[in-house]
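Before any comments, here is the structure.
The values are calculated or read from the model by the stated rules, or taken from the named source; none is laboratory data. Quantities reported herein were computed from a predicted structural model and do not represent experimental measurements. Backbone-built Cβ (ideal geometry, glycine too); neighbour counts: all protein chains shown. Areas reflect the complete protein model, heavy atoms only, side chains present, ligands, DNA and RNA absent. Shrake-Rupley method; radii C 1.70, N 1.55, O 1.52, S 1.80 Å.
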Amino acid sequence: MAEINATLTLPTGEVVDLPVLKGSYGPDVIDVSGLLKAGYFTYDPGFMSTASTESKITYIDGDEGVLLHRGYSIEDLAENSDYLETCFLLWYGHLPNKEQKKTFVNNITRHTMVHESLAHFFDGFHHNAHPMAMMCGAVGALSAFYHDVMDIRSDRDREIAAHRLVAKMPTLAAMCYKHSIGQPFMYPRNDLSYAANFLYMMFGTPCEEYTVSPAVEKAMDRIFLLHADHEQNASTSTVRLSGSTGANPFACISAGIAALWGPAHGGANEAVLMMLDEIGSVENIPMFIEKAKDPNDPFKLMGFGHRVYKNFDPRAKVMKASSDEVLAELGVNDPRLAVAMELERIALSDPYFAERKLFPNVDFYSGIILSAIGIPTSMFTVIFAVSRTIGWIAHWHEMSSSPYKIGRPRQLYTGETPRPYKG
Ligand code: SDX
């Protein structure tokens with residue numbers, strides 16, 4: 001419990017004691033839940049200074065550019081772990097031993113197929129439907145197959161739902177892509193790793209053998225790992241809020257996918273590539289930098305800035321190193337990388353960006369790698385959603401594992417005061 005209190009003197013002169021709660025790392029919080037009794041709400045649009053919950057999963061220090069998953073730095077995990085091991089860590093809170101990892105990977109592998117009826121679900125989508133639109137629908141539709149066979153109060157049922165979601169997301173993502181190009185769906189293969197299986201389902205065809213290059217497999221796994229979780233970001237908060245009503249996990253993840261789609265959030269990776277294509281060449285960069293600085297111009301540098309990071313996004317650093325590696329290994333010479341590097345150099349030397357602490361974020365380089373391994377731009381945010389599913393469902397599980405209240409924010413009302421109806 002709180003050892004110290006903050007005191008707040010209200011306009012009425014009343015002094016309110018507000019408990020200060022201490023975390024294990026990072027800022028303490030002032031518990032304002034008692035403020036309503038004094039007749040006040042707090043007001044914090046965008047939740048800039050608001051901790052919505054207590055959590056043990058991920059810690060971010062925006063000033064220092066630190067990202068920890070269950071205490072392990074993202075740099076350590078990117079160097080030494082892989083995506084499924086990081087999924088295990090996020091869900092269970094510790095790294096698996098050899099036996100636990102083998103069992104977990106086997107469980108995920110054996111849940112990768114989707115119900116055959118789901119294949120027909122895609123017939124309803126026009127071929128040029130955006131893959132994120134299809135993902136929102138297809139993942140939400142999983143509720144129809146599992147809604148009545150799970151009790152969200154059961155630890156075991158929540159674990160099975162998590163296995164199903166982590167396992168089936170790549171399959172559904174690849175189905176979205178195949179539908180958009182009119183090719184047959186590829187069934188998952190149990191002899192492939194998580195990343196290789198996804199690439200196989202994306203690019204394989206029934207007509208010939210398809211082998212995944214180890215360099216591409218490693219790059220794909222690292223992209224999945226780097227996007228796995230990120231504290232209480234907009235889409236994770238959406239999943240928690242949806243989960244607080246008791247909605248089933250498949251519906252909650254579908255809500256998270258919808259929130260991630262926005263260009264200010266997960267949609268930024270697709271928007272970065274579209275921006276680099278629009279800039280076209282290094283010579284045009286100064287014009288776009290001026291547009292980004294113009295308060296009257298809605299244009300923003302996609303892949304720059306972050307609500308929390310006021311330093312380099314540690315994931316962007318790892319992603320940048322990976323993009324150099326992957327492009328060299330694949331012998332890909334993507335002119336957009338040259339534009340991206342020059343854009344980064346110019347922006348970071350411009351006072352406008354330095355004053356506002358706008359640095360490249362996770363989305364700035366991920367699109368370059370995804371392009372290099374042949375992923376179409378429209379699939380970038382889908383891949384972000386595949387990766388972030390473990391983060392979303394781990395937060396949903398953490399919330400569902402202990403007593404919780406339905407999330408229901410209040411407001412500052414500035415509308416009409418009561419007035420009589422005059423016909
Ligand atoms: C992700 O939250 C997470 O953790 C998200 C994420 C995750 O893993 O879940 O990290 C993933 O969403 C990364 C962010 C991807 N989005 C983009 O790259 C889109 C471009 N970035 C911006 O839209 C913006 O930076 C946000 C949305 C990311 C953050 O916006 P904030 O925190 O609300 O900051 P702000 O809009 O108030 O900006 C502060 C100032 C403003 O200028 P002033 O009004 O002070 O003059 O900085 C400016 C903004 O105009 N600014 C930018 C800018 N981002 C902010 N100016 C130009 N280009 C930009 N990219």
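Computed values, structure above
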read-out	value
Assigned charges on the beta-carbon of Lys, Arg, Asp, Glu; segment 326-369 dipole about Cα centre (debye)	100 debye
Over segment 197-274, equivalent-ellipsoid semi-axes from the Cα gyration tensor in Å	30, 16, 12
Of all accessible heavy-atom area on the chain, the percent that carbon and sulfur account for (1.4 Å)	55 percent
Per residue solvent-accessible surface (Å²) - segment 345-423, probe of 1.4 Å	51 Å²
Measure of compaction for segment 154-228 (Cα Rg per 2.2 N^0.38 Å)	1.20
Hydrodynamic radius (Kirkwood) for the chain, which is based on Cα pairs only, to one decimal in Å	23.2 Å
Set of segment 145-164 residues, backbone N closer than 14 Å to the point 7 Å along the Cα-Cβ line of residue 115	145-150
Euclidean distance of C-alpha centroids, segment 312-342 and segment 39-70, integer Å	30 Å
Rough spin-label spacing in nm, given labels placed 7 Å along Cα→Cβ, for residue 413 and residue 144	4.0 nm
Local electrostatic count at residue 341 - Lys and Arg +1, Asp and Glu -1, tallied over other residues with Cβ under 14 Å	0
Links that overshoot a 21 Å alpha carbon limit, given the list 178/300; 102/168; 218/317; 310/405; 320/357; 293/357	178/300; 310/405
Heavy-atom SASA rank of 158, 356, 345 (probe 1.4 Å, accessible area, largest first)	345, 356, 158
Cα principal axis extents for segment 84-236, largest first, Å	42, 39, 29
Residue-averaged 222 nm ellipticity for the chain, from DSSP H runs of 4+ at -39500 (n - 2.57), nearest 500	-15500 deg cm²/dmol
About the Cα centre, charge dipole magnitude for segment 1-160 (Lys/Arg +1, Asp/Glu -1 at Cβ), debye	480 debye
Span from the segment 345-394 Cα centroid across to the segment 283-303 one, whole angstrom	18 Å
Separation of the residue 311 and residue 282 label points, Cα + 7 Å toward Cβ, nm	3.0 nm
The chain - charge dipole about Cα centre, Lys and Arg +1 at Cβ, Asp and Glu -1, debye rounded to 20	1140 debye
Pairwise label distance in nanometres, residue 338 with residue 157, each label 7 Å out on the Cα-Cβ vector	5.9 nm
The chain: most fluctuating residue of 16, 105, 139 per GNM, C-alpha cutoff 10 Å	16
Hull-based mean projected area of segment 277-423, where the convex hull spans the alpha carbons, in square nanometres	15.7 nm²
